[in-house]
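The values are calculated or read from the model by the stated rules, or taken from the named source; none is laboratory data. This structure is a prediction, so every number in the text was calculated from the model and none was measured. Because the Cβ atoms are built from the backbone with ideal geometry, glycine has one as well, and the counts that use them run over all protein chains shown. Side chains included, ligands, DNA and RNA excluded: accessible areas come from the protein's heavy atoms. Shrake-Rupley method; radii C 1.70, N 1.55, O 1.52, S 1.80 Å.
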Amino acid sequence: MKFGVIVFPGSNCDQDCYHVAKNVLKQPTKYVWHQETDLSGLDCVILPGGFSYGDYLRTGAIARFSPVMEAVKKFADSGKYVIGICNGFQVLTEAGLLPGALHRNRDLHFICRHIELKVANNKTAFTSACKTGQTLNIPIAHGEGNYTCDAATLKELKKNKQIVFTYAGENPNGSLQSIAGICNKRGNVLGMMPHPERASEAALGSVDGMMIWRSLLKR
Amino acid sequence: MARVKVFVYPKKGVLDPQGKTVESALHTLGYKKASNVRIGKYIEMELPDGDNKKMVDEMCRKLLVNSVIEDYHFEVAA
């Protein structure tokens, strides 16, 4: 599976994602600068974490207008895989590729710690190696991970089983129904606040993030 | 030039953790009567004179405001 890691000005998890795809998963991987518009040959695009455009205006609000985002939309429309992690998730909601929005954490703190993530749906391309209800130890690192959407959208998310991950136990950021990750209706675009790329090698304290990559590689 | 003032604020019903924190700080300072503190953004810009309302509204919807969590209004002063 060929991976592309999008780099916005202010992305700071791009190298971690690249490292995991290239050196841990041993897949062909390349960086894609936000000014590029050619995603041909790729099977999966990762929008990494960070602070694209300094989080100015709103998280992800400016990145959404990067030239590469039009290409990402077409890429997603063609059924290929898109993963937005943390700031990447924020960019995907701003771009309308995923419903809802991520706003300020309930307690205002920037939270950076390992949490238990519950797999709410294992019938997705990103979780097929997991069991539904299984928990994964994966870190979060965000100030704006408080997912919200209106009642009609939440109903849709539930009806289509688009809620992929929830926080097990205590809700760290106040997100609606403890939502930590969702996918689009078609199931090929995933957005999640936790960082699987930071939990993909034993030296980092957890390899549970590998469950997501492994699911994807089964495709 | 026309001076445009755009006000963006959290939608009713959307949790505003900043507003809540500032409210409790005000209470700590003794301003116990302060309630429903909400924190938003104020954006100003200049545009050539003329009927700019439609364009400003478009700017709000396309970029300045995320309608999932925010409401807005604006004033155009000649």
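A few notes on this one:
- Check on A:ILE62, open to solvent by less than 60 Å² (accessible area, probe 1.4 Å) and at pLDDT below 95: yes
- For region B:5-27, taking the residues that are more than 11 Å from chain A (Cβ to nearest Cβ) and in contact (Cβ under 8 Å) with a residue 12 or more places away in the chain, the one that is surrounded by the fewest Cβ atoms within 10 Å (Cβ to Cβ) is identified as B:LYS12.
- Residues satisfying the stated conditions in region B:1-37, i.e. among the polar types (S, T, N, Q) and either within 17 Å of the chain's Cα centre (by Cα) or in a loop (DSSP other than H, G, I, E, B) (or both): B:GLN18, B:SER35, B:ASN36
Here's the yes/no breakdown for (1) away from every other protein chain (no Cβ under 14 Å); (2) under 16 Å from the mean Cα position of the chain (by Cα):
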{"site": "A:ALA152", "(1), (2)": "no, no"}
{"site": "A:ASN173", "(1), (2)": "no, no"}
{"site": "A:GLY181", "(1), (2)": "yes, yes"}
{"site": "A:ASN188", "(1), (2)": "yes, yes"}
{"site": "A:GLU197", "(1), (2)": "yes, yes"}
{"site": "A:GLU201", "(1), (2)": "yes, no"}
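- Residue tally, condition within 23 Å of A:THR59 (Cβ to Cβ) and in contact with an Asp or Glu (Cβ under 9 Å, 6 or more places away or on another chain), over region A:132-148: 3
- Residue check, B:ASN66 open to solvent by less than 50 Å² (accessible area, probe 1.4 Å), within 22 Å of A:ASN105 (Cα to Cα) and free of Cβ contacts under 8 Å to residues at least 40 places away in the same chain: yes
- Looking only at region A:95-106, and only at residues there that are at the interface with chain B (Cβ under 7 Å from one of its Cβ atoms) and open to solvent by 20 Å² or more (accessible area, probe 1.4 Å), the one that is nearest to A:GLY143 (Cα to Cα): A:ARG104
- When A:VAL91 is tested against the conditions (1) crowded, with 23+ Cβ neighbours inside 10 Å; (2) touching a helix residue (DSSP H, G or I) at 6+ places or on another chain (Cβ under 7 Å); (3) not in a helix (DSSP H, G or I), the lone failure is (3).
- Of all residues in region A:35-59, exactly one satisfies the criterion of being of a type in the set (S, T, N, Q), away from chain B (no Cβ under 14 Å) and either buried (at least 20 other Cβ atoms within 10 Å of the Cβ) or farther than 26 Å from A:MET1 by Cα (or both), namely A:SER52.
- Region A:1-51 - residue that is without any contact (Cβ under 8 Å) to a residue 24 or more places away in the chain and in a loop (DSSP other than H, G, I, E, B) and, of those, nearest to A:ALA61 (Cα to Cα): A:SER40
- Residue in region A:110-130 that is outside any helix (DSSP H, G or I) and at positive phi present: no
- Verdict on A:TYR167 being out of contact with any Asp or Glu (no Cβ under 6 Å at 6 or more places or on another chain) and away from chain B (no Cβ under 14 Å): yes
- Residues in region A:107-143 that are open to solvent by 20 Å² or more (accessible area, probe 1.4 Å), away from every other protein chain (no Cβ under 14 Å) and within 22 Å of A:GLY54 (Cβ to Cβ): 1 in all.
- Within region A:67-88, the only residue that satisfies the criterion of being assigned to a strand (DSSP E or B), touching an Asp or Glu at 6+ places or on another chain (Cβ under 9 Å) and hydrophobic (A, V, I, L, M, F, W, C) is A:ILE85.
- Taken together, the residues in region A:156-177 that are touching a Lys or Arg at 6+ places or on another chain (Cβ under 6 Å) and of a type in the set (Val, Ile, Thr) amount to 1.
- Whichever residue in region B:38-58 is open to solvent by 60 Å² or more (accessible area, probe 1.4 Å) and in a helix (DSSP H, G or I) and, among such residues, is nearest to A:HIS103 (Cα to Cα): B:GLU58
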